[in-house]
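The next block holds one structure in the form of C-alpha cells; read it before the comments.
Readers should treat all values here as calculations from the given coordinates under stated rules, not as data from a laboratory. In this text the structure is predicted, and so the values were computed from the model without any measurement. Cβ coordinates were reconstructed from backbone atoms using ideal geometry, including for glycine residues, and neighbour counts include every protein chain displayed.
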Amino acid sequence: MKRPLVALTGLLLAQALAQVNLALSPARLELVLPPGGEVTEVVRLTNGLDREEPLSVALRPFALTPQGDVAESPERNLCPHLTVTPTAFTVPPRGTAEVRLTMKAPPGAEGTLACLVVFTAGPRPTGLGGLRITASPSLGLAVYLTLRGTERPALRAKVGGEGKALPLLPSPLAGKPRERPPKGHGGGPGL
Amino acid sequence: MKRKLVALMALLASLSLAQTADSHTVTVNIPSVLQLTLDATDYLFNFADTSLTGTETVSVGGTPYTKASQAAYYAFLDTATSTQDFAPTSLTGTGGADYGTVTVRTNRAQWTVKIDSISGSLTLGNNRVKVFAEKVSGKGASWTTTPTPITAASPLTLFNAGSGGQGRSVYRLYYLFTMDINDDIPLAGINEQITVNLFLTSP
C-alpha cells in the first residue's frame, strides 16, 4: 500500500512541476485523394497543465530520409495545398483545442506529397540575470497525401549476386528506421 | 397437418429472429497520440551567485561538473589554463533536481526529439552550450554519447525510437556551459539568454 502511495505522490508531483504537457492526436495523417479532390481533417491538441497554453502553427515541407528520419525537403511539397485553421490559438487549462486541416490534391501531381504541421508553444517566462537557457516546445504532425491512381512504390529492390542465396539489393529509397547514430556522431540528419 | 405447418413456420420465424438478435456491432476507437512533457524550462548559469560554495557538482554521464557560481568562477580564474564546462547554478521547475526531465508518451512506434532551432545568440557563442540526454526508462536511445554543443548539427537529434517506441519514455536533459580562460568579458558583464526549441515528431 505504501509503494503505490509513494508512486502516486511522485506522479502528482511530476504533474505539478511540469512546465509543458502537450498531446497531439492523431500523431500523423495519411490520406488518399483523387487529383483535384479535397478533404478536411480535425486534429486535437490537449493541454495537461492548469494554465492555458498559447500555440502557433507553421508548415514545413519535408521528406523521409532512407533512415526514416524527417528531413526538410522542398520536393513533393504538400504545404502549398494545405490550409490550417486557426494558425494561432490557445489551449485552455486541462482542455483540448481542435484544429482543422484542409487539403486539396493538386491536379497533375503524382505519388505522395508531405507537409509537417508544427505546433509551437511560446518560451516559458524566466527570471533575470545570468546566462539562461529556456525551452520552447514543439509537436510536429506529419501529413501525407497520396494521389489515387498515381501511387509509387515505397520500396524498390532487385535480386542480385551469385550462388544459392540471391540477396535483395535495396534501392536508395529503401532503408530501415535508425535508432542510434553512427559511433562518435553527435547529431543526425533530419528536420 | 395444418398444425405441423404452423409449428414449422413458428420455428423458422424464431430462428430468423434469433439470427437478428445475434448480430452485434463492435466499435473500436483508438486514437494515435503523441505527448511531450517537460519540467525544466529555465536553466540558469549565474557566475555571480554567492549562495554556492564552489564545490557543488552535478554528475553528467558519470562525469562531475561544477555548478556555476562566483566561488567556482574565481577558482577557475585562479587555476584554469584552457576551458571548463560548468553545470547550471539552478533550474526552474524540477523541484531541486539538477536536470530537466522530458517524457514522451505515445502509441506510435517511431518518434524523435531534437533541438530544432535556437533563438538568440550569446556573446561568447551558442556553441558554448552543450547538451546531454540520458535515458531513464522506456523506449528509444540517446544520440548524445557525450555532452554535445547544441550547434553541432541543425537540427540536433537528442533521442529517438526507430521502432517499438510505444509507451512512456523518460529522459534526463542536462545543459552545460563552457568557460574559456581567454574570454574577455565586457565591463557590463554578460546577462543573456537563448531559447532552445525542443521538437517531438512521429514520421
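The table that follows gives values for the structure above.
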quantity: Virtual spin-label span in nm between A:Ala88 and B:Ser82, 7 Å along Cα→Cβ; calculated: 4.7
quantity: Cut-off 14 Å (backbone N to label point 7 Å along Cα→Cβ of A:Glu30), residues of segment B:107-126; calculated: B:108-110
quantity: Chain B, helix-only ellipticity at 222 nm - DSSP H runs n ≥ 4, -39,500 (n - 2.57), divided by all residues, nearest 500; calculated: -5000 deg cm²/dmol
quantity: For segment A:23-100, alpha-carbon Rg over 2.2 N^0.38 Å; calculated: 1.29
quantity: 5 angstrom amide H check on B:Ser117, placed H, neighbours 5+ away; calculated: B:Asn197
quantity: Shape parameters for segment A:91-141, alpha-carbon atoms, Rg then Dmax in Å; calculated: 18.1, 56
quantity: Proportion of all alpha-carbon pairs of chain B beyond 21 Å (%); calculated: 62
quantity: Counted charge near A:His81, where neighbours are those whose Cβ lies closer than 13 Å (Asp, Glu -1; Lys, Arg +1); calculated: +1
quantity: Residue-by-residue Karplus 3J(HN,Hα) for segment B:126-132, coefficients 6.51, -1.76, 1.60, Hz, glycine and proline x; calculated: 5, 6, 6, 9, 10, 10, 9
quantity: Rh by Kirkwood over Cα pairs, then Stokes-Einstein D for segment B:26-121 at 1.002 mPa s and 20 °C, µm²/s; calculated: 131
quantity: Dipole-positive endmost among B:Gly61, B:Pro88, B:Leu44 within chain B (Cβ charges, Cα centre); calculated: B:Gly61
quantity: Karplus (6.51, -1.76, 1.60) ³J(HN,Hα), θ = phi - 60°, over segment B:76-81, in Hz, Gly and Pro reported as x; calculated: 5, 4, 6, 10, 6, 10
quantity: Average beta-carbon neighbours from other chains, 10 Å sphere, peptide B:114-120; calculated: 4
quantity: Cα centroid separation - segment A:38-67 against segment B:134-203, whole Å; calculated: 22
